[in-house]
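Colleague: Here's a structure for you.
The values are calculated or read from the model by the stated rules, or taken from the named source; none is laboratory data. All of these numbers come straight from a predicted model, not from anything done at the bench. Heads up, the Cβs are rebuilt from the backbone with ideal geometry, glycines too, and the neighbour counts pull from every protein chain shown. All accessible areas refer to the heavy atoms of the entire protein, side chains included, with ligands and DNA or RNA removed. Shrake-Rupley method; radii C 1.70, N 1.55, O 1.52, S 1.80 Å.
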Protein chains: 2
Amino acid sequence: MQKNNELSGVKEIARRANVSIATVDRVIHNRTGVSAKTKEKIEAIIKEMDYKPNLLARSLASRKVFRFAVLIPRESAETEYWKAPLEGINKAWAEIRMYGVEVVFFHYELNDRQTFNNEANKILKDSFHGILLAPSFISEALEFFYKCEAKKIKCVFINSDISNVSPLSYIGPDLFQSGKLAGNLSKYLIPDGGNILIFNVSRELGAEHHLLKKATGFKSYFEENNSSSTVNMLTVHRTDYDSVMAELAAYLKDSTVDLLFVTNSRVSTVAKYFETNNITNIKLIGYDYLTRNIEYLEKGIIDFLICQKPIEQGYKGLLTLYDYFVESEKIDKVQLMPIDILTKENYKYYKN
Amino acid sequence: MQKNNELSGVKEIARRANVSIATVDRVIHNRTGVSAKTKEKIEAIIKEMDYKPNLLARSLASRKVFRFAVLIPRESAETEYWKAPLEGINKAWAEIRMYGVEVVFFHYELNDRQTFNNEANKILKDSFHGILLAPSFISEALEFFYKCEAKKIKCVFINSDISNVSPLSYIGPDLFQSGKLAGNLSKYLIPDGGNILIFNVSRELGAEHHLLKKATGFKSYFEENNSSSTVNMLTVHRTDYDSVMAELAAYLKDSTVDLLFVTNSRVSTVAKYFETNNITNIKLIGYDYLTRNIEYLEKGIIDFLICQKPIEQGYKGLLTLYDYFVESEKIDKVQLMPIDILTKENYKYYKN
DNA sequence: TAGTAAATAGTGTACGTACCCGAAAATATA
DNA sequence: TATATTTTCGGGTACGTACACTATTTACTA
């Protein structure tokens, strides 16, 4: 069996247009050096043939290399979350490296905004075509983004977005809706009229903006449905177990809570507290498919986990840069991730 | 910026081994015509260099074509379900056709097992390297599978599996667990001790085996949890609205039902019945992200939809054949799909 | 109108691999 | 030893595209 030897490709275009391959090449890449007349003719033929360049041959012949930087938090002792996007990025890289894609990784600490600046500056000193970043710290990320724009470097955001700014694409959850879904799920856990606590656990204020979006979405569910539930919010600026425990204990001493919504992956910290103190009457909703969280989901201490495909975010993030540069495709400005619900019953089948 | 001009590729291997490129090529594809000594030497060098062939160049230079047949149900007036796998297949094909992949489609009617045989025979008369099929009718599919095995044609199953048979891969849901999850979801909808009805809607008995697996899984949840709920099952061998309606009405006249579990995408038919008859006190769980189902999910008539990534099933199905033949990768025998839960709140973000 | 610069078009090689074909070496047969 | 066979290997071209380099045509200047 043979590959389709139908006349196709630049050679056939050249033959039909009575020009050389090089001329066809010129109009395809719309370079200069072709008269308007021939250009028009060739373009017509290309359209008529519905010519699609052979990407294999193209990238084989091209000596071009695209360099992408990745700027995301380092996986921390407190949460393994960022392992997932990294895994997705590496998977994508493996698929496209033969097309001439180079990737350099830069990691900052989620509880230290200065490290973001350090890594960002390293990137700016080097030379990259595109950057895949998690803009955890709004003002720092914004500053960096503008510098990139000035240098004509394309950015793709993952995990959380920044308002009023337009990267090549945002790939991640709709944070508001994600929170709203959490609110909705509460109706399956407790009757209306209960006491609900939104619990934010985050060291850096700047990295917290996306948690607040979730909280807002969560609250909106109750407002829109004229719920008689009471929804309060508590924020802890420490992420270690003892601090979280202390703050939570203090709160629970004065107030009754029927359902607790943790706005990020730190839900396992709360679950651990519930477990050690034998608290079984508070329903618990949180985020992310992490081993520690799954453990508590399995045990029934966490009732629902909401997940947003972190691996896929990384995977799509790098592929988006690739599509833009190598395949020069038009890119969706926003690529929202699904809002997945994990329970004790279905988590085994989840693909992060 | 230039591509890595580090010495790599067959040329470098040939240089190091003091042989020609052709000889290296011979050992790579372990063809005959190379002395044991040189073969050994070249293999050592390949290992040492950790040589990875450039797939682009390989497939560009290769004149090989792989022909795959796709044998799945035609999208019917009653359910658009099979549009989704088809979409996934076409997406995958678009990505790999430049690697020399040909795909021919064959469609059978889900309510007529004879059409399966007709199409299957067409496939056997032609010449294909691999087949992607939905083995809806067990005995017919089994017969076809054995004929393919005899002709050394590789098969990939999607959507439902057949026991005691080993295709190249099965890509689809774990039907038992899927049903079990549905059972679990019931606890969020009705208190324990309720009356539950499993409802199968399927014309052909043979195409129903995977529905029964779901039903078994569903029941197992109640057994394992020592539930006091009553679980009955009803099967209708017509798929048109009037027949379904009649059967259901007859059943409901004699029995009270608190929750109804429809084992396939026909749940919208039931929902329509509920809507027109203003039945609001029966919770409804069903399958698949179809426009009609989503409509009733939005309206609150369907409470949960379970989805199993039909598009991805098709996508992965074709890619699996491709990986096996073109990239000669080792293939996972079973590729289970996630069991996704859709509610009114999160369906908008679902990727089928 | 020659002479020159600018615009336009063509030729040829390279990318990394596959594979045909023929040459050389090794072995077998006479 | 001469010839025929077989085994082993190298040369060279092709895949479809990119691009550097060269050749031709056209337009412009003096």
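Colleague: Can you tell me how many residues in segment A:144-168 are of a type in the set (D, E, K, R) and farther than 18 Å from A:Ile331 by Cβ?
Modeller: Qualifying residue count for the region: 2.
Colleague: Can you go through B:Thr23, B:Thr38 and tell me which one is more than 11 Å from DNA strand C (Cβ to nearest atom), hydroxyl-bearing (Ser, Thr, Tyr), open to solvent by less than 50 Å² (accessible area, probe 1.4 Å) and in a helix (DSSP H, G or I)?
Modeller: Answer to the selection: B:Thr38.
Colleague: Right, another one. Residues in segment B:258-273: is at least one surrounded by fewer than 20 Cβ atoms within 10 Å (Cβ to Cβ) and in contact with a strand residue (DSSP E or B) (Cβ under 6 Å, 6 or more places away or on another chain)?
Modeller: Scanning segment B:258-273 turns up at least one residue that is surrounded by fewer than 20 Cβ atoms within 10 Å (Cβ to Cβ) and in contact with a strand residue (DSSP E or B) (Cβ under 6 Å, 6 or more places away or on another chain).
Colleague: With respect to B:Leu297, is the statement that it is within 28 Å of the chain's Cα centre (by Cα) and part of a helix (DSSP H, G or I) true?
Modeller: yes
Colleague: Tell me the residue from B:Leu284, B:Leu342 that is modelled with pLDDT of 95 or more and within 11 Å of chain A (Cβ to nearest Cβ), please.
Modeller: B:Leu342
Colleague: Kindly check whether there is at least one residue in segment B:98-105 that is on the phi > 0 side of the Ramachandran plot and open to solvent by less than 80 Å² (accessible area, probe 1.4 Å).
Modeller: yes
Colleague: Under the condition of being without any contact (Cβ under 8 Å) to a residue 60 or more places away in the chain and crowded, with 22+ Cβ neighbours inside 10 Å, which residue from segment B:274-286 is nearest to B:Glu75 (Cα to Cα)?
Modeller: So, considering only residues that are without any contact (Cβ under 8 Å) to a residue 60 or more places away in the chain and crowded, with 22+ Cβ neighbours inside 10 Å, the one nearest to B:Glu75 (Cα to Cα) is B:Gly286.
Colleague: Tally the residues that are open to solvent by less than 30 Å² (accessible area, probe 1.4 Å) and either within 11 Å of another protein chain (Cβ to nearest Cβ) or touching a Gly at 6+ places or on another chain (Cβ under 8 Å) (or both), restricting the search to segment A:314-325.
Modeller: 4
Colleague: Go over the candidates B:Ile311, B:Ile302, B:Ile331 one by one and state the one that is open to solvent by less than 10 Å² (accessible area, probe 1.4 Å) and either more than 13 Å from chain A (Cβ to nearest Cβ) or within 15 Å of the chain's Cα centre (by Cα) (or both).
Modeller: Criteria check complete, one pass: B:Ile302.
Colleague: Residue check: is B:Ile131 in a strand (DSSP E or B), open to solvent by less than 10 Å² (accessible area, probe 1.4 Å) and away from chain A (no Cβ under 14 Å)?
Modeller: Yes.
Colleague: Which pairs do you get when a residue that is assigned by TED's automatic domain parsing to the domain that holds A:Tyr315, found in segment A:79-101, comes within reach of a residue that is open to solvent by less than 50 Å² (accessible area, probe 1.4 Å) and of a type in the set (Lys, Arg), reach meaning Cβ atoms under 6 angstrom, with the pair 6+ apart or on two chains?
Modeller: A:Gly100/B:Lys3
Colleague: May I ask you to verify whether A:Ser268 is more than 11 Å from chain B (Cβ to nearest Cβ), in a loop (DSSP other than H, G, I, E, B), of a type in the set (S, T, N, Q) and within 24 Å of the chain's Cα centre (by Cα)?
Modeller: The answer is no for A:Ser268.
Colleague: Checking the structure you have, find out if any residue of segment B:144-164 is in a loop (DSSP other than H, G, I, E, B), of a type in the set (Asp, Glu), more than 16 Å from the chain's Cα centre (by Cα) and at pLDDT below 95.
Modeller: no
Colleague: Report yes if A:Ile72 is assigned by TED's automatic domain parsing to the domain that holds A:Val156 and of a type in the set (Val, Ile, Thr), otherwise no.
Modeller: In short, yes.
Colleague: Tally the residues that are surrounded by 17 or more Cβ atoms within 10 Å (Cβ to Cβ) and near DNA strand D (Cβ under 8 Å from one of its atoms), restricting the search to segment A:60-83.
Modeller: Of the residues in that region, 1 qualify.
Colleague: Among the listed residues B:Asn30, B:Asn90, B:Asn111, which satisfies the condition of being exposed (fewer than 15 other Cβ atoms within 10 Å of the Cβ) and more than 9 Å from DNA strand D (Cβ to nearest atom)?
Modeller: The match here is B:Asn30.
Yes/no per residue for (1) surrounded by fewer than 21 Cβ atoms within 10 Å (Cβ to Cβ); (2) in the same structural domain as B:Ser243 (by TED's automatic domain parsing); (3) modelled with pLDDT of 95 or more:
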residue: B:Gly179; (1), (2), (3): no, yes, yes
residue: B:Gly194; (1), (2), (3): yes, yes, yes
residue: B:Leu197; (1), (2), (3): no, yes, yes
residue: B:Glu208; (1), (2), (3): no, yes, no
residue: B:Phe218; (1), (2), (3): no, yes, yes
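Colleague: Let me spell it out: the conditions are (1) more than 25 Å from B:Ser62 (Cα to Cα); (2) within 14 Å of chain B (Cβ to nearest Cβ), and A:Val34 meets all of them except one. Which number is the exception?
Modeller: Here A:Val34 clears every test but (2).
Residues are listed down the side, and each one gets a yes or a no for (1) assigned to a strand (DSSP E or B); (2) of a type in the set (Ser, Thr, Tyr):
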| site | (1), (2) |
| --- | --- |
| B:Arg63 | no, no |
| B:Ile72 | yes, no |
| B:Ala77 | no, no |
| B:Tyr81 | no, yes |
| B:Lys91 | no, no |
| B:Glu95 | no, no |
| B:Phe116 | no, no |
| B:Glu119 | no, no |
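Table: residues versus (1) assigned to a loop (DSSP other than H, G, I, E, B); (2) in the same structural domain as A:His107 (by TED's automatic domain parsing).
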| position | (1), (2) |
| --- | --- |
| A:Ile301 | yes, no |
| A:Lys316 | no, yes |
| A:Leu319 | no, yes |
| A:Glu327 | yes, yes |
| A:Ile331 | yes, yes |
| A:Glu345 | yes, no |
| A:Lys348 | no, no |
| A:Lys351 | yes, no |
